[in-house]
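Please read the structure below before turning to the comments.
The values are calculated or read from the model by the stated rules, or taken from the named source; none is laboratory data. For clarity, every value in this text was computed on a predicted model and none was experimentally measured. Counting neighbours? That spans all protein chains shown, and the Cβs are built from the backbone with ideal geometry, glycine included.
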Amino acid sequence: MQQPLWTPSRERIEQANLTAFMRAAGEAGQREFADYDDLHQWSVDKPEEFWASVWSFCDVIASERGEVVVEDIKKMPGARWFPHAKLNFAENLLRRRDDHEAIVFRGENKVSTRMTYKELYKQVSQLSQVLRAMGIKQDDRVAAFVPNMPQTMVCALATASIGAVWSSCSPDFGVQGVLDRFGQIEPVLLISADGYFYNGKTHDSLGKVKEISAALPSVKNILVIPYTHESPALSELPNAKLLSEAMSAYSPREIEFEQLSFDQPLYILYSSGTTGVPKCIVHGAGGALLQHLKEQRLHSNLKPEDRLFYFTTCGWMMWNWLITGLASEATLLLYDGSPFYPDGNVLFDYVDAESMTIFGTSAKYIDALGKAGLKPMDTHKLDSLHTILSTGSPLVPEGFDYVYQNIKNDICLSSMSGGTDICGCFIGGNPAAPVWRGEIQCANLGMKIDVLDDDGSELRAGEKGDLVCSVPFPSMPVGFWKDDNDKKFHAAYFERFPNVWCHGDYIERTENNGFIIYGRSDATLNPGGVRIGTAEIYRQAEKIDEVVESLVIGQQWDGDTRVVLFVRLRDGLELDEKLAGKIKQQIRNNTTPRHVPAKVVQVADIPRTKSGKIVELAVRNVVHGEPVKNKEALANPEALDLFANRAELQV
């Protein structure tokens, strides 16, 4: 019988925030929860009681909460949370104002800085005065083309303090990729660093900023953060100032936090944009705050003494998630640059040097560590680390094995899944429950997760179908930017199953009440009319030592769909019939004959988004001779050319 990879100690369960919340919610309602499943059932049966309890337990700061928790709870979309509340997102993140470290930063091996909560408050105070002096007001958009550094967080918090709307891209985006995003939202202020460091090289940003600002007539001012140079030249940028220079004109004072509605726009995030111009997803301040507080305190056990790290850029929603860690009075550990420069030890060096307690990363990073043969538990102490968070793509069972065999065996490995769409997670970790190999631990509190077949019927454990959420939750988007009558918003999530959020993940509930994700629904394969999740194929193909990574699509062929597997091999290797046969046999032995690719094709590179996700749909379009509408969304768009007109796919 299978045993869990990790089980929390009795002491750890007793000290978990989740346990304290369970007690507090039980006492408030004069009830007793038997276990997590019982608590979760209450959270989706009585969402008004649950979210009010989260608000109280997490000490949300607001000038007014109001008596009403939610209006129109039966409407999805349409429910309105805390309709009479008045609050400010930044005020909740700046509640601590002492000498405790708020932010520690490393920019590859070039820069290292620290900022206390007192210093953070002062800088946000100065910058909020700058923004007001510029005439920036509630609902104006502030766009940032920036690395993941402390000044970026200062800028985001100052923006939120006055009720303006923050939107960011990472500086590795090309000019057109930035314009595809910022061009839709018409920002009045553009913020950029002068450049950034990656893989040992210095990259300039100001040349791109010149082009970007010229194409954005709405931009009235530009603020530049010195990063790669102490005094970058700004002469070619109209109305540009150094951030520090602009702030120095103002003395720190009490911040005037605008008291705003619960659904006041806070962030505009973007879909990956690989099938067209990115969707501009508007997230409300209250919803993002409540969702992140719940996920961080209850599902990740974040406490004031924690030192929270997530490897992310400012173009991925995990950056927006990370900054909310300030609301729990923890220390945020930031890193900008390559996680493999100068080698794969760099982030584990950071763990030990800064006593990191929560390490957040992507499943792809864990896979890359395994492929590189690294064993951090033999080279590093890692004694401070109590939790590893993983998201971005499914973490395969072998990824779980790698963590417990090579990083740390006494650790809560919480795989999570949600997305930009909700700026949070549907399913994730439980610090008071066992970790089972290959499984996401649980449905998150307040999220009524079901697995449906094509007809909308609920599936049992062990059956694969679509992930849906059938009860409204506060971090549903306010909507899409400039979306008349919410047509695009409704089409994106509610068209398939009425009154139910359909997320687009192909998933299975397990006997342990956990979940396994098999890929995106729109990328599932249908050979012979049978749905197959792509993650099942990746898992087997990438067990082969010669295979570094892979990408699979369904190719229309002879009136059906055939499975085509593209593989990137270790340097110097060539795909021959023997290796192709070995890959196919591995897949056949461990899945079903339907999973076996009709073709295995070697490619030199695999295209991915800026946040590291492989782009199956874009490759499928190229293979079928269809246009890829937004190559600027990709980190390596040139890789798409490797898939066009392949002779192997013509027979």
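Exactly one residue out of 82, 50, 33 is without any contact (Cβ under 8 Å) to a residue 40 or more places away in the chain and either of a type outside the set (Asp, Glu) or in contact with a helix residue (DSSP H, G or I) (Cβ under 8 Å, 6 or more places away or on another chain) (or both), and it is 33.
Evaluated against (1) over 19 Å from residue 354 (Cβ atoms); (2) touching a residue at least 60 places away in the same chain (Cβ under 8 Å); (3) of a type in the set (A, V, I, L, M, F, W, C), residue 104 falls short on exactly one condition, (1). Restricting attention to segment 434-488, which residues are over 20 Å from residue 80 (Cα atoms) and small (Gly, Ala, Ser)? Within segment 434-488, 438, 443, 456, 457, 461, 462, 465 meet the criteria. In summary, residue 244 fulfils each of the numbered conditions (1) in a helix (DSSP H, G or I); (2) surrounded by 20 or more Cβ atoms within 10 Å (Cβ to Cβ); (3) of a type in the set (Gly, Ala, Ser) with the single exception of condition (2).
Residue 75 meets the conditions (1) under 14 Å from residue 47 (Cα atoms); (2) more than 27 Å from the chain's Cα centre (by Cα) in every case but one. The failed one is (2).
Scan segment 441-453 and tell me whether some residue there is over 26 Å from residue 49 (Cβ atoms), in contact with a strand residue (DSSP E or B) (Cβ under 9 Å, 6 or more places away or on another chain) and not hydroxyl-bearing (Ser, Thr, Tyr).
So far as segment 441-453 goes, yes, one or more of its residues are over 26 Å from residue 49 (Cβ atoms), in contact with a strand residue (DSSP E or B) (Cβ under 9 Å, 6 or more places away or on another chain) and not hydroxyl-bearing (Ser, Thr, Tyr).
Every listed requirement among (1) closer than 17 Å to residue 521 by Cβ; (2) at pLDDT 95 or above; (3) assigned to a loop (DSSP other than H, G, I, E, B) is met by residue 468 save one, (3). Selection of segment 60-69 for residues being buried (at least 17 other Cβ atoms within 10 Å of the Cβ) and touching a residue at least 24 places away in the same chain (Cβ under 8 Å) yields 60, 62.
Do the conditions hold for residue 3, that is, is it outside the structural domain of residue 489 (by TED's automatic domain parsing), in a loop (DSSP other than H, G, I, E, B) and out of contact with any Ser or Thr (no Cβ under 6 Å at 6 or more places or on another chain)?
Numbers: outside the structural domain of residue 489 (by TED's automatic domain parsing): yes; in a loop (DSSP other than H, G, I, E, B): yes; out of contact with any Ser or Thr (no Cβ under 6 Å at 6 or more places or on another chain): yes.
Criteria met by residue 3.
For (1) among the small types (Gly, Ala, Ser); (2) touching a Pro at 6+ places or on another chain (Cβ under 9 Å), each residue gets a yes or a no:
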position: 338; (1), (2): yes, no
position: 344; (1), (2): yes, yes
position: 348; (1), (2): no, yes
position: 351; (1), (2): no, yes
position: 378; (1), (2): no, no
position: 400; (1), (2): no, no
position: 406; (1), (2): no, yes
position: 411; (1), (2): no, no
position: 434; (1), (2): no, yes
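Tell me, which strands (runs of 3 or more DSSP E) wholly within segment 38-122 include 2 or more residues that are under 13 Å from residue 327 (Cα atoms)? Write out each step before concluding.
Details: elements: 62-64, 101-107, 111-116.
Filter on segment 38-122 gives 101-107.
Hey, can you tell me all the residues within segment 6-37 that are in a loop (DSSP other than H, G, I, E, B) and among the aliphatic types (A, V, I, L, M)? If the condition is that a residue be in a loop (DSSP other than H, G, I, E, B) and among the aliphatic types (A, V, I, L, M), then 16, 34 are the ones that fit. Only one entry of 187, 217, 252, 226 meets the criterion of being touching a helix residue (DSSP H, G or I) at 6+ places or on another chain (Cβ under 6 Å) and at pLDDT 95 or above, and that entry is 252.
Tally the residues that are assigned to a helix (DSSP H, G or I), β-branched (Val, Ile, Thr) and within 13 Å of residue 542 (Cβ to Cβ), restricting the search to segment 364-415.
So the count comes out to 1.
Scan segment 167-174 and give yes if some residue there is surrounded by fewer than 20 Cβ atoms within 10 Å (Cβ to Cβ) and in contact (Cβ under 8 Å) with a residue 60 or more places away in the chain, otherwise no. Within segment 167-174 (the criterion being surrounded by fewer than 20 Cβ atoms within 10 Å (Cβ to Cβ) and in contact (Cβ under 8 Å) with a residue 60 or more places away in the chain), the answer is yes, since at least one residue qualifies.
Residue check: residue 473 meets all listed conditions (1) over 21 Å from the mean Cα position of the chain (by Cα); (2) part of a loop (DSSP other than H, G, I, E, B); (3) not assigned by TED's automatic domain parsing to the domain that holds residue 623 but one, namely (1). Restricted to segment 182-202, and to residues that are touching a residue at least 24 places away in the same chain (Cβ under 8 Å) and exposed (fewer than 15 other Cβ atoms within 10 Å of the Cβ), which residue is nearest to residue 339 (Cα to Cα)? This residue is 199.
Check whether at least one residue in segment 322-338 is at negative phi and surrounded by fewer than 18 Cβ atoms within 10 Å (Cβ to Cβ), and report yes or no.
Going through segment 322-338, the residues at negative phi turn out to be 322-328, 330-336, 338.
When the remaining residues are screened for being surrounded by fewer than 18 Cβ atoms within 10 Å (Cβ to Cβ), the result is 338.
The answer is yes; a qualifying residue exists.
Of all residues in segment 624-650, those being at pLDDT 90 or above and assigned to a loop (DSSP other than H, G, I, E, B) number 6. The one condition from (1) touching a helix residue (DSSP H, G or I) at 6+ places or on another chain (Cβ under 8 Å); (2) among the hydrophobic types (A, V, I, L, M, F, W, C); (3) over 23 Å from residue 521 (Cα atoms) that residue 580 does not meet is (1).
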